């Protein structure tokens, strides 16, 4: 699957779980179309770009949760540690960006009382929860995409809070920090 095809799935009326499963299939290849995905995502409507930006920041919260619970191994250690660094860089701003999600769906649902059908769990949280069950190497690949997208957000037509956060990350990380090792 090409990056353009994967981005098209974000435009379909699918749940976060379904899109995450498609993303996992896309990433399950050492030569997945990294640049093609990012270029095509950059051409999307503001709604889709903002959605993927929020997915990326929500991923940071998920991996911070993994860090705190020690739920990682050598295959995704770099991603988990990098998310911990991004949390340090952004501080409370990260919490504001992801609207109360702390990386744990059960705690989110309990605090928001969203177990009923009238208050559905947001797309980005369902996407990330599903991605959190993926193979660690796929998680590492997704982290590369999310990290690069967050710093690209500085120069994209996305919500100002996202572009400001992307700028802060870029200013406080090494230039190619998004290149996660595959173990």
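The values are calculated or read from the model by the stated rules, or taken from the named source; none is laboratory data. In this text, all values refer to a predicted model and were calculated from it rather than measured experimentally. So basically every Cβ, Gly included, is an ideal-geometry build from the backbone, and we count neighbours across all protein chains shown.
The numbered conditions (1) touching a helix residue (DSSP H, G or I) at 6+ places or on another chain (Cβ under 8 Å); (2) closer than 18 Å to residue 128 by Cβ are all true for residue 68 except (1).
Within the stretch 62-109, the residues that satisfy the criterion of being within 16 Å of residue 139 (Cα to Cα), under 16 Å from the mean Cα position of the chain (by Cα) and assigned to a loop (DSSP other than H, G, I, E, B) are 76, 103. When residues in the stretch 1-42 are screened for being in a loop (DSSP other than H, G, I, E, B) and free of Cβ contacts under 8 Å to residues at least 24 places away in the same chain, 5 of them pass. Among the conditions (1) at pLDDT below 95; (2) surrounded by fewer than 21 Cβ atoms within 10 Å (Cβ to Cβ), residue 36 misses just one, which is (1).
Checking every residue in the stretch 108-121 against the condition of being over 23 Å from residue 14 (Cβ atoms), exposed (fewer than 14 other Cβ atoms within 10 Å of the Cβ) and modelled with pLDDT of 95 or more gives zero matches.
For residue 74, the conditions (1) at pLDDT below 95; (2) farther than 22 Å from residue 174 by Cβ all hold with the exception of (2).
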